[in-house]
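None of the figures in this text is laboratory data; all of them are computed from the coordinates on show. All of these numbers come straight from a predicted model, not from anything done at the bench. A quick note on method: Cβ atoms are made from the backbone with ideal geometry, for glycine too, and the neighbour counts reach across all protein chains shown.
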Amino acid sequence: MSKVGNAFSMSRRGLLMGVGAVAGAAALAACDTDNTPIIADDSDAMGYSGGSGLPGANPGGGGADPGSYRLNPGDKLRIVVYGQNHLTGDYTLDNVGMLSFPLAGQIKAAGMTPSELERAIKAKLDPDYIRGASVSVETSSKRPFYIIGEVRNPGSYPYVSGISVFNAVALAGGYTYRARENSFYIKRTDKSGHIVRVLADSNSVIRPGDTIQVRERYF
């Protein structure tokens, strides 16, 4: 073959490779049709950092401090107002994180710690209704988390404080052979009540109510 022919052949191969790369990038972009906003992970700022005590938990973590846990919509609470049996009981935050409490009315509890909610309830009761009110708030149960996509057993699982994406995948039976094992999306409701996506890795700590999406490899 002549030099001109060789040069033409090489140029053609280069052009085809370039077109293939562009087509591949376009295909990947087209595969993500979810328009949910993507944000940075703020788990450390919200008090969710730390290990769960489960195998493969976030390294170096000793478990999330229960006092730093931030309340979420759907959390079930045990609220005690000492000496006031008619106020003491079990309460559930609604789907936007509001607590409806007798005498105190509506309180935006999502994003608060239990201690902060105690103070908020006390401020509503004292002095107009109960002088020197003493309030205790404990989280009795948290919402489950969900895992979908390329895992063997997708579904909902009980939340454990400090649980990571790695632990969640293990609970769901591990990856399928098609899974992308180093990049995930976590869907959650932010403090404003909007659904967002967090770009996560295997060490990312999840929250009650989160949905972990294990994506498929394309190459």
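Quick one: Cα convex hull volume of segment 73-141, Å³ per residue?
Considering the Cα atoms of segment 73-141, their hull volume per residue is 71 Å³.
Modelled spin-label separation between Ala170 and Lys122, with each label point placed 7 Å from Cα along the Cα-to-Cβ direction: 3.9 nm. In segment 75-219, the inverse of the mean reciprocal separation of distinct Cα atoms equals 17.1 Å; this is its Kirkwood hydrodynamic radius. Hey, if you put +1 on the Cβ of every Lys and Arg and -1 on every Asp and Glu Cβ in segment 77-219, which of Ser202, Ser192, Val80 ends up farthest toward the positive end of that dipole? Projecting each Cα onto the dipole axis, the largest value belongs to Ser202. About the Cα centre of segment 144-212, what is the dipole size in debye to 20, counting +1 per Lys and Arg Cβ and -1 per Asp and Glu Cβ, all else neutral? Here the size comes out at about 140 debye.
The slack in the chain from His86 to Ser183, taken as 0.36 nm per residue of separation less the alpha-carbon distance, amounts to 30.0 nm.
About the centre of its Cα atoms, segment 109-164 shows a dipole size close to 80 debye [charges on the beta carbon of Lys, Arg (+1) and Asp, Glu (-1) only; nearest 20 debye].
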